[in-house]
Amino acid sequence: MIKILCIGNSFSEDAMKYLHAIAKCGGMEVKTVNLYIGGCPLIKHWKNAKSFRKAYDYQLNGERTGKKISMRKALKSETWDYISFQQASYDSGVEESYYPYLTLLSEYAKKKSPGAVRLIHKTWAYEIDSIHDGFAKYERNQKLMFDSLSKAYKKAAEAINAEIVPVGDVIQALRATKEFDYEKGGLSLCRDGFHLDYIYGRYAAAATWYEKVLKGNILENSFIPEYNGIRADEALIEAIKRTVHEICS
């Protein structure tokens, strides 16, 4: 069994929603745990790391469990294969916001779980018409936000010698396709201007993890997501698969 721990927030919640199901469909046994605090930045994660406080919602295999857990206990609860880190979305393009908290967290996680491979979950830019207050940091310009977070995440990965999971790259590339070019009438991959769409956005994120981390071939995976009884359009899923495979290959 492959075990993945995300030290994250609602953006890792989005990314993990379908990963277990996609992996199962691909014949892989995977356990995913997301440590969830909405909007949690790296500085807060570091403060939590030093305490025994049960600050996190424990999300297992893409589902909320109702349980609370401390980071310390979560790190020691399993022999993790992968541990991922990410910055809060509003600061994802602000390089100075990462340090020293990312490096401190990385070293802390390495001591508690020495065999785990460390990952950087590269998150995505907001939708072009997002009303999120944090979008103002990037002049409410999606490209500027994407370019800024790309630079910051690249430096972050180098700082802790981690591999990047390129979810942000996949989302941005999909936005240039006719199916998901929101500015020209395509579907938005966000449900509220910043969180991912419950079906297509979340699927794209999980598919990226499946290819990049689990080394699966998403083109050969038959999982089709559903949300609230609505089954995804298979043509749109195929379009996402092609982009994910191209970016991750």
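Overview of results
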item	result
Residue under evaluation LYS3, criteria (1) open to solvent by 10 Å² or more (accessible area, probe 1.4 Å); (2) in a strand (DSSP E or B); (3) without any contact (Cβ under 8 Å) to a residue 40 or more places away in the chain, criterion not met	(3)
Residues satisfying the stated conditions in segment 205-231, i.e. open to solvent by less than 30 Å² (accessible area, probe 1.4 Å), out of contact with any Asp or Glu (no Cβ under 7 Å at 6 or more places or on another chain) and not small (Gly, Ala, Ser)	THR208, TRP209, TYR210, GLU211, VAL213, LEU214, ASN221, PRO225
Top-ranked residue in segment 83-99 [being hydroxyl-bearing (Ser, Thr, Tyr) and buried (at least 19 other Cβ atoms within 10 Å of the Cβ); ranked as farthest from the chain's Cα centre (by Cα)]	TYR98
Condition met for SER113 (polar (S, T, N, Q) and open to solvent by less than 50 Å² (accessible area, probe 1.4 Å))	yes
Test: residue in segment 41-49 that is touching a Pro at 6+ places or on another chain (Cβ under 6 Å), open to solvent by less than 10 Å² (accessible area, probe 1.4 Å) and small (Gly, Ala, Ser)	no
Test: residue in segment 27-36 that is of a type outside the set (D, E, K, R), open to solvent by less than 40 Å² (accessible area, probe 1.4 Å), within 18 Å of LYS110 (Cβ to Cβ) and touching a helix residue (DSSP H, G or I) at 6+ places or on another chain (Cβ under 7 Å)	yes
Conditions (1) under 18 Å from the mean Cα position of the chain (by Cα); (2) open to solvent by 30 Å² or more (accessible area, probe 1.4 Å); (3) of a type in the set (D, E, K, R); (4) within 22 Å of GLU63 (Cβ to Cβ): number failed by ARG202	(2)
Any hit, segment 169-185, residues being at pLDDT 95 or above, of a type in the set (Phe, Trp, Tyr) and either at positive phi or surrounded by fewer than 19 Cβ atoms within 10 Å (Cβ to Cβ) (or both)	yes
Failed condition for GLY193, given (1) in contact (Cβ under 8 Å) with a residue 12 or more places away in the chain; (2) part of a helix (DSSP H, G or I); (3) of a type in the set (Gly, Ala, Ser)	(2)
Selection count, segment 139-158, where residues are surrounded by fewer than 18 Cβ atoms within 10 Å (Cβ to Cβ) and within 14 Å of GLN87 (Cα to Cα)	3
Total residues in segment 236-249, condition touching a residue at least 40 places away in the same chain (Cβ under 8 Å) and open to solvent by less than 70 Å² (accessible area, probe 1.4 Å)	7
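The values are calculated or read from the model by the stated rules, or taken from the named source; none is laboratory data. This one's a predicted model, so the numbers in the text were calculated from it and none came from an experiment. Neighbour counts are summed over all protein chains in view; Cβ atoms, including those assigned to glycine, are modelled from backbone coordinates with ideal geometry. Surface accessibility is based on the protein's heavy atoms, side chains included, excluding ligands, DNA and RNA. Shrake-Rupley method; radii C 1.70, N 1.55, O 1.52, S 1.80 Å.
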